[in-house]
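Reading through the structure tokens given below for one structure.
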Amino acid sequence: MTYNMTKVSDLKTQNLINIHSNNPSNNPSLKKPGLLVLDVDATLIEEEVIDLLGDIAGVGCDLAYITSRAMQGKMDFNTSLKLRVSMLKGLDYSCVKQVAQNIHVTNGAKKLISTLHSFGWKVGAVSGGFKQVLDDFLPKLNIDFWVANNLEVVDSKLSGKVIDPIVNRQYKAKALTNWASKNNIDIAQSVAIGDGANDIDMIKTAGLGVAFCAKQLLKSQAKASIDTRDLSLVLDLLS
């Protein structure tokens, strides 16, 4: 398959991509096996799933405020997740599946995934959200592997607790390195994409870390940033 690259310089002129590196030629190459790891909420998909659940539970505004603080790095992620999940206690499990049917894939995601697969790359997803939503959704996007948090369900209702381990920033980075190792992929050939503070460690660990429509804290740590909601623009960062 031939992929027609847009010049990164042209995209920079259009303010679509910002490169924070003196040598973008060192970015991962499509000529070698590689690994892409995507954050899910507000990156691979448009929504924050836990905020949607909060809307159904009638605590949407309060829950979204906590989510925003956590993604800006103003609140510990583990603490914020446990607090937010506790606010969902008693919610019928059917609401989780209802939300799963109403999430939207970010523009350009399918093109990014299919193109990388055509070059022999692997694609993984790491989520501070919930496996009960993603286990049905991600296979439809041909994601190779993923990790997400696990909601505790008792008598078909959310208990208000999340089952350990929590997928936090350290866990996400570890997933990236583990997948690279298991697939014999050089970490320099990895790309991580995220939008919030919970993605900092994997962004810094990957060969290329991309802040996607991200909070300023993450942008300051990433090698590249994209401010247009089109994930296929990531392809133009690869050599």
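The values are calculated or read from the model by the stated rules, or taken from the named source; none is laboratory data. The model shown is predicted, which means the values in this text are computed figures rather than measured ones. Note that each Cβ is placed from the backbone with ideal geometry, even for glycine, and that neighbours are counted across all protein chains shown.
Given the structure, is VAL123 under 18 Å from ALA197 (Cβ atoms), modelled with pLDDT of 90 or more and crowded, with 17+ Cβ neighbours inside 10 Å?
So VAL123 does not fit the description; no.
Scanning segment 95-112 for residues that are modelled with pLDDT of 95 or more and small (Gly, Ala, Ser), which turns out surrounded by the most Cβ atoms within 10 Å (Cβ to Cβ)?
Looking at residues that are modelled with pLDDT of 95 or more and small (Gly, Ala, Ser), I get ALA109.
From the set of residues in segment 69-87 that are over 17 Å from the mean Cα position of the chain (by Cα) and of a type in the set (A, V, I, L, M, F, W, C), which is surrounded by the most Cβ atoms within 10 Å (Cβ to Cβ)?
Looking at the filtered set, the residue picked out is VAL85.
Would you pick out the residues in segment 193-239 that are among the charged types (D, E, K, R), assigned to a helix (DSSP H, G or I) and surrounded by fewer than 21 Cβ atoms within 10 Å (Cβ to Cβ)?
LYS204, LYS219, ASP236, listed by residue number.
Filter segment 11-45 for residues that are modelled with pLDDT of 95 or more, among the charged types (D, E, K, R) and over 19 Å from the mean Cα position of the chain (by Cα); which is surrounded by the most Cβ atoms within 10 Å (Cβ to Cβ)? Spell out the reasoning first.
As a first pass, look at segment 11-45 and keep what is modelled with pLDDT of 95 or more: 28-45.
When the remaining residues are screened for being among the charged types (D, E, K, R), the result is 31-32, 39, 41.
Those still in the list that are over 19 Å from the mean Cα position of the chain (by Cα) too: 31-32.
Values: LYS31: 11, LYS32: 14.
Filtering segment 11-45 for residues that are modelled with pLDDT of 95 or more, among the charged types (D, E, K, R) and over 19 Å from the mean Cα position of the chain (by Cα), the one surrounded by the most Cβ atoms within 10 Å (Cβ to Cβ) comes out as LYS32.
Quick one: in segment 40-93, which of the residues that are touching a strand residue (DSSP E or B) at 6+ places or on another chain (Cβ under 6 Å) and polar (S, T, N, Q) is nearest to ALA211 (Cα to Cα)?
THR43
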